[in-house]
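Everything on this sheet refers to the single structure shown next.
The values are calculated or read from the model by the stated rules, or taken from the named source; none is laboratory data. The shown structure was predicted, so the numbers you read here are calculated from the model rather than taken from an experiment. A quick note on method: Cβ atoms are made from the backbone with ideal geometry, for glycine too, and the neighbour counts reach across all protein chains shown.
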Amino acid sequence: MMMSRWKWPTYIMFHPLEGFDDLRWKKEGSVRVSIVIIALFFISSVASRQLTGFAFNEEYTKYFNVVPILFSSAGLFAVWCIANWAVSTLMDGEGKFKQIWISSSYALVPYIISSLLHTILSNVMLLNEGIFLSIIDTIGLLWSVILMLSAIKTVHQYTMSKTLFTILLTIAAMVIMVFLIALLGALGQQIVTFISSLYFEIMYRFIV
Amino acid sequence: MVLRNRLSKRLSKLISFTLLLCMMVATLSMGASADEPYQGYTYDEWADPVPSQNGYIVSQVISGKDLGIGSFNEPVDIFYTPQKEFYIVDRKNNRIVILNQNFELVRVMDKFYKDGQETTLVEPNGVFVDENGMIYIADSGNSRAFRCDQDGNIQVEFLKPDTEGISEDGLFLPQKLVVDKAGNVYISITGGLRGALMYDKEGNFVSFYGANRVAQTAEVLMDQIWKLILTREQRMAMRRNVSIEIDNLDIDEDGFIFTVTRTTTQVLDRVKKLNPSGINIFDNAQGNEYMFGDYATTARTGDESTLVDIDIGENGIINVLDQNRQRVFQYDRNANLLFTFGGQSNQKGMFTLVSAIESTEDEVIVLDSMKQSITVFKKTLFGSLVHEATELYNRGYYDEAFEPWTEVIKRDGNYVLAYKGLGNAYLGNGDFENAMEMFELAIDRDAYDRAFEGYRTEFLRANFTYIVLGLVLLIVLVKLVPWLIRKYKKSKGKGEGAA
């Protein structure tokens, strides 16, 4: 069976078990497709913050800053891939980083679709019809979780229990990474303020 | 080159001129609001303060010397009587000062007669006057409260009741009091953990009234768990979690009693509206969101408002006094914040230690027990517009309130309540689109949803045929176009094969 690389994500969506297997053996995973998916993931996050119907939107919309959204979508995905790669390397996983990245990104598709659907429908729905939106959210999330499990399982050729264990370890590794990044950021900021205050001190003393 | 230079010179001139103009306009508009030492504000949906026009401005500041009776010494309570007089408790001078409507001295009461014998006040704390001109005074230093006539003849004394819930050896210090239409007297006392004391008009103790609840904090829960384990002796030695005493009371026209509690440790029960059976109507546990005083801006404790007095004015307007930032918060009868004014400083209209608040038809009077003065605030035009509009609005006359709300918006485009009012007026008239816009400005999601429901129904009804047509067309296109493409490809393939 030959498919264009753009059809793979939808094929995988409806064939969560053999889909990733096919992808692995036929080496049909495409970085370009995965980047488009991540971009869509980011766009859907922005859209759900800014374009959700007024009655449903509880966000603080007075200010808009795209950087935190970028970090919490694409950034978080990157952290997930790195953490999973690090953990699976120690746990005899067979997957390469590229495979982890591609398979994980394909697994996000249902979540992105549900999130976009939520954003669109919230503009035509009333608050007491909101239950449908939460059903959509739940389905999208569960679907993506199942796909993600299957993706990790196939990429590393794990058993189910090992997959679950690896994912738990991955989440722990993600927490540690985020903590370290925050720590480094804070330290870097301290250094920058230290150097800049030193600079100004010297300037005021000797130059001005 | 020359041309370009000239051009850029012109441009820079133009820019500098525009900038200058902007600055002038800015200073001018600043000057318009800078005549009061405080800047009023309200809170929006996200608990951000939004600057607003002042509803009240200072009209006069009165000291004891102005009245010719010597300086006040800790004025702690003021009451505006049905006879349109002001009764002021001058605590450390042990006297009651009576002023008329125009803040001129009527008389000073410092001598009272009990069974013909003269008696004086010792550090009184509260005063109340009923419709018949009977005066009720909380005479704390003498551990009593009493009712007397206009000449100071004491008729009934309200003494420490012999009941459980009041420690026998502790001091009995009545603080503030209110009297309902039936003549029942409600007295808040120091250490009144079970609420205010309620007496009948003969001076007999009836019951406790309106006790505060104990907030369920993690600490309290821990203590309760410990109590399950510990022995009786250990339990007795434990710190007890008791409710906080009521600090001040007021009663409105309908007989509801309002209480405030000077607590910074819990939000629970800070301001209560009690019905005759002592049930709190301003209860957030019922799914409402009544907020009084400043919203805590940070998690820092000690930053919250310390509410010390409450006053119910005309049309159920609620005035609350905050001793932390020395501010007055004014709410409508449904506890929507209307105005804030006052603040901490030595300027006129600002305070160092506020102690009591009272209001008349168009004035708010605040006592300062450190400055020893009476400050009178007068309602502005903006204030009266807002009051007129809220009163109509709260009675459900949305249409009639439209006009005053528009006037309010003209003067203050940030006034959130006005947009709610306008939105409801539009909604009542079936103008859903405008209603939606107004509710969006007011950030009122539920009201917006109601307007949107109407809008959607109307839209669907008007465009039903087009929508159905559009859907059919869409399906046809989705099904038809790929089929056409396939056919085209096939025929092309055939053509190639033939060639």
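Condition (residue is within 14 Å of chain B (Cβ to nearest Cβ) and among the aromatic types (Phe, Trp, Tyr)) applied to region A:59-75: is it met by at least one residue? Among the residues of region A:59-75, at least one is within 14 Å of chain B (Cβ to nearest Cβ) and among the aromatic types (Phe, Trp, Tyr), which makes the answer yes. Being assigned to a loop (DSSP other than H, G, I, E, B), in the same structural domain as residue B:196 (by TED's automatic domain parsing), of a type outside the set (S, T, N, Q) and surrounded by fewer than 17 Cβ atoms within 10 Å (Cβ to Cβ) is the requirement here; does residue B:106 meet it? Taking the combined requirement at face value, the residue does not satisfy it. Selection of first residues in region B:177-194 that are without any contact (Cβ under 8 Å) to a residue 60 or more places away in the chain and of second residues that are among the charged types (D, E, K, R), restricted to Cβ pairs under 7 Å at least 6 apart or on distinct chains, gives the following pairs, ordered by first then second residue: B:183/B:201; B:184/B:200; B:184/B:201; B:190/B:245; B:191/B:245; B:192/B:245; B:193/B:245.
Go through region B:152-170 residue by residue and tally those that are assigned to a strand (DSSP E or B) and of a type outside the set (D, E, K, R). Full working, then the answer.
First pass over region B:152-170, keeping only residues assigned to a strand (DSSP E or B): B:153-158.
Within this subset, residues satisfying the condition of being of a type outside the set (D, E, K, R) are B:153-156, B:158.
Going through region B:152-170 one residue at a time, the tally reaches 5.
Is there any pair with a first residue in region B:435-450 that is at the interface with chain A (Cβ under 9 Å from one of its Cβ atoms) and a second that is surrounded by fewer than 21 Cβ atoms within 10 Å (Cβ to Cβ) and of a type in the set (Ser, Thr, Tyr) whose Cβ atoms are under 6 Å apart and which are 6 or more apart or on different chains, and what are they? That search, which allows pairs on different chains as well, returns nothing. The condition of being outside the structural domain of residue B:339 (by TED's automatic domain parsing) and at pLDDT 90 or above holds for only one of B:38, B:56, B:80, that being B:38.
Just checking, does region A:112-120 include any residue being modelled with pLDDT under 95 and buried (at least 17 other Cβ atoms within 10 Å of the Cβ)? No, every residue in region A:112-120 fails to be modelled with pLDDT under 95 and buried (at least 17 other Cβ atoms within 10 Å of the Cβ).
Tally time: how many residues in region B:200-216 are farther than 17 Å from residue B:258 by Cα and touching a Phe, Trp or Tyr at 6+ places or on another chain (Cβ under 7 Å)?
First pass over region B:200-216, keeping only residues farther than 17 Å from residue B:258 by Cα: B:200-207, B:214-216.
Remaining after also requiring touching a Phe, Trp or Tyr at 6+ places or on another chain (Cβ under 7 Å): B:203, B:205-206.
Within region B:200-216, residues that are farther than 17 Å from residue B:258 by Cα and touching a Phe, Trp or Tyr at 6+ places or on another chain (Cβ under 7 Å) number 3.
Each residue in region B:46-69 was checked for being away from every other protein chain (no Cβ under 14 Å), out of contact with any helix residue (DSSP H, G or I) (no Cβ under 6 Å at 6 or more places or on another chain) and over 30 Å from residue B:95 (Cβ atoms), and 4 pass. Select, from B:348, B:371, the only residue that is closer than 19 Å to residue B:324 by Cβ, of a type in the set (D, E, K, R) and modelled with pLDDT under 95. Only one candidate qualifies: B:371.
Return the total of residues in region A:166-208 being of a type in the set (Phe, Trp, Tyr) and in contact (Cβ under 8 Å) with a residue 60 or more places away in the chain.
Narrowing region A:166-208 to residues of a type in the set (Phe, Trp, Tyr): A:179, A:194, A:199-200, A:204, A:206.
From what is left, the residues that are in contact (Cβ under 8 Å) with a residue 60 or more places away in the chain are none.
Qualifying residue count for the region: 0.
With the structure loaded, tell me whether residue A:42 is within 14 Å of chain B (Cβ to nearest Cβ), within 30 Å of residue B:448 (Cβ to Cβ) and buried (at least 17 other Cβ atoms within 10 Å of the Cβ) or whether it fails that test. Criteria not met by residue A:42. Among the numbered conditions (1) facing chain A (nearest Cβ under 10 Å); (2) out of contact with any Asp or Glu (no Cβ under 9 Å at 6 or more places or on another chain), the only one that residue B:472 does not meet is (1).
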